[in-house]
């Protein structure tokens, strides 16, 4: 490094000594800038720290006027320092004054300095400050000098992140590492949670940044990379997947990156500057993350996740850290933060301590969202860069109803949400008081309220809510959280436990609804142009009769001596239902032949969620024992709007004339044929949706357990005839500019109904 006194390794060793001294934060920073200036033969070295208000404050300097420290403050769009911060890229100039972004601050006395080298102080790819060196003479700093300054900036990033600088910060102008953040994402599971951040895949804390023996660090790095590559090869050869539901193509991408020579070269270059192997990985990872976070190309931003995961795996390899934190160390009121995770990973955590979930990915219909609702924890998805911006232990508020997340919230926000939690607890107490009260509307109409379930953790909700039974048991969840295909004995055990927990109340089991977005980690995925309309649910079951027969056999054996209700999903033609029903009859014959005890009664039904069934209802009703309406899929197919695509998911209202006419047609045909019908989609879990459905004539709804109390309280006060008299004309003769939802809200307000 040209002009350097001893080079970057000597500088890093001296910095380590300064970091270990028992001095104040300001004294430490002052010594750091003197060391850097001397090592780089620079006349100026300055440290700017990003504050919570988004501005940059001069925290220490060697060469500029001392009185400017803590007085000079600039915006992120101001000057060369602001440009380095906003773009997260170094700027190296021999004539700084000629640059269009140059901004002169007279209180610093920097007008005499021509050359400028500024590098961002980065942590997890996020800018935390700027480190600058300057000289009077015009010179372009060498690549080696720029690299050395970036390495030094990494040491400063750890100092900022430690919170040490809070002691010298002005109130309201603390370092941005502690700034308040507010995000709005996708509401996954209702509820409000106040707690502290726990990272699902915690960042590796690099405790030893500066190397004692470079050759030893090269050896450690090479061995860790070789082990990483070997592990990925083994996973691919055995067809395994990692935690979080990674699939083969993801592992292929990991292997490609792990063998990339450019990546390995950057890691070795970072170690060459004097860093330990793990610090070198963190340095490269942070620099790459900073660039990709600012990329506009969606493909590059997606690859950021792959590189993040790969870098984390390598760092864990180097420091010997497990993939996830020990579950027993989970703090009380934990808010789990993850990029993405599968339902099995969420179920690994202690439910008693888990209060909320924040994901960078995942929509309301994702499987982890279904499990979050089953566990009764507030959850929000699509919070960009959450794992990079949240720190372990941060105070956080999750509003699962609105999709809001507040990190390090101010006292007034925390107090307001605290009051909402108290109010919610009071309402839940009121709902619990209604648990044993029959659900009969104000004008004497009985409505049967059931719950949706799919896991053992759901079963206590039957008694807790006073539900009439389980209107939809999602059998696929057992398959989704397993690492291998569940055996018949395992399925039998679950189904028997469900029927035991129901204690004589009806349970409707839906046969496997896999395929589409529900890909089992141990089954090879078949690429499809449009998986929601592809090889899934009953189509897959009929094409793989062995899989379906084993499930039906387990259901029949579990229900021995009891009643069994089985429902087939995604039926598009009556012939499909007949074929599936014939399979059930064959299994009954098989069990009879082998003298197994049979169910007392078996009812077989179909789920109405494919629009083609709307034109076969007369024929279908004569074939089934009951019908269930899957409003989630039926609405998305009616409007050709993917409910997992946030650009179109909210474009069409399920409380609109076309949808309600379809529902009306289903209920009318079912009643005419004397067959019971249940609606088990998300619409039933909202009081306003339940109001509309009961007004149409539905007398059985299956809901999310947490929603049952609010829906029941509303129905007890509902005059069904009044609601029907309002709704029917709105469906039959919709008026331009008149929204059915708005009319129902006005009706509820006039009737004193709590929505």
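Going 7 Å from the Cα of residue 104 toward and past its Cβ, which residues in segment 33-53 have a backbone nitrogen under 13 Å from where you end up?
Those under the cut-off are none; the list is empty.
Can you compute the helix-only [θ] at 222 nm over the chain? Use -39500 (n - 2.57) per DSSP H run of at least 4 residues, normalise by all residues, nearest 500 deg cm²/dmol.
Here the helix-only value at 222 nm equals -13500 deg cm²/dmol.
Modelled label-to-label distance, residue 137 and residue 493, 7 Å Cα→beta-carbon offset: nm?
7.8 nm
From zero outward in steps of 5 Å, how is the percent of C-alpha pairs of segment 7-178 spread across the bins?
1, 9, 19, 24, 23, 15, 7, 1, 0
Simple spin-label model, 7 Å along Cα-to-Cβ: residue 457 to residue 332 in nm?
Once both label points are built, they end up 2.0 nm from each other.
Expected output is a single nm value to one decimal: the length gained when fully extending between residue 736 and residue 724, i.e. 0.36 nm times separation in residues minus the C-alpha distance. What is it?
Extra length available between residue 736 and residue 724 comes to 2.3 nm.
Could you work out the relative contact order of the chain, using alpha carbon pairs under 8 angstrom and six or more residues apart, expressed as a whole percent?
10 percent
Where does each of 394, 464 land when they are ranked from fewest to most other beta-carbon atoms within 10 angstrom?
Lowest to highest Cβ neighbour count: 464, 394.
Just how far, in whole angstrom, is segment 199-223 from segment 574-631 if you go by their alpha carbon centroids?
A separation of 60 Å, based on Cα centres.
Taking every DSSP beta bridge that has both residues in the chain, what percent is antiparallel when rounded to the nearest 5?
Antiparallel: roughly 55 percent of the beta bridges in the chain.
Find how many whole Å separate the alpha carbon centroid of segment 689-743 from the alpha carbon centroid of segment 12-42.
69 Å
Using the Cα gyration tensor of segment 434-751, with a ≥ b ≥ c the square roots of its eigenvalues, what is the shape: rounded (a/c below 1.5), prolate (a/b larger than b/c) or oblate (neither)?
Prolate shape, in that a/c is at least 1.5 and a/b is the bigger ratio.
Just to verify a number: FRET efficiency for residue 532 and residue 111, C-beta to C-beta distance, R0 = 45 Å, to 0.05?
With a Förster radius of 45 Å, E is 0.10.
Which ordering of 415, 103 is given by a fewest-first count of other beta-carbon atoms within 10 Å?
415, 103
Report the Stokes-Einstein translational diffusion coefficient (µm² s⁻¹, integer) for segment 532-647, Rh taken as the Kirkwood radius over Cα pairs, at 4 °C with viscosity 1.567 mPa s.
Translational diffusion coefficient: 85 µm²/s.
Give the calculated FRET efficiency between residue 226 and residue 205 to the nearest 0.05, with a Förster radius of 25 Å applied to their Cβ-Cβ distance.
Calculated transfer efficiency: 0.55.
Classify segment 383-523 as rounded, prolate or oblate, taking a ≥ b ≥ c as the square roots of the eigenvalues of its Cα gyration tensor: rounded when a/c is under 1.5, otherwise prolate if a/b is larger than b/c and oblate if not.
oblate
Bin width 5 Å, alpha-carbon pairs only: give the P(r) of segment 688-755 as whole percents, running from 0 to the bin holding the largest distance.
That works out to 3, 16, 30, 24, 17, 7, 3, 0, in percent per bin.
Classify the chain: rounded, prolate or oblate, from the alpha-carbon gyration tensor (a ≥ b ≥ c, eigenvalue square roots; a/c under 1.5 rounded; otherwise prolate if a/b is larger than b/c)?
prolate
Where both residues lie in segment 434-751, what percent of DSSP beta bridges are antiparallel, nearest 5?
Here the antiparallel bridges make up roughly 5 percent for segment 434-751.
May I ask you to compute the full-extension gain from residue 595 to residue 717, defined as 0.36 nm times their residue separation minus their alpha-carbon distance, rounded to one decimal in nm?
38.8 nm
How do 419, 603 rank when sorted from fewest to most other Cβ atoms within 10 Å of their own Cβ?
In increasing order of surrounding Cβ atoms, one gets 419, 603.
What fraction of the DSSP beta bridges in segment 482-626 is antiparallel, stated in percent and rounded to the nearest 5?
10 percent
Under a crude label model (7 Å from the Cα following the beta-carbon direction), how far is residue 435 from residue 38 in nanometres?
Those two pseudo-labels are separated by 7.2 nm.
On a full-extension model of 0.36 nm per residue, what is the gain between residue 750 and residue 392, subtracting their alpha-carbon distance, rounded to one decimal in nm?
124.1 nm
Seen from all sides and averaged, what is the projected area of the convex hull of the Cα atoms in segment 41-140, in nm²?
For segment 41-140, averaging the hull's shadow over all directions gives 5.8 nm².
Would you mind getting me the FRET efficiency between residue 743 and residue 443? Use the beta-carbon distance for r and R0 = 25 Å, nearest 0.05.
0.80
Any read-out appearing in this document is the output of simple, stated calculations on the displayed coordinates, not a laboratory observation. Everything numeric in this text was worked out from a predicted model, so none of it was measured. A quick note on method: Cβ atoms are made from the backbone with ideal geometry, for glycine too, and the neighbour counts reach across all protein chains shown.
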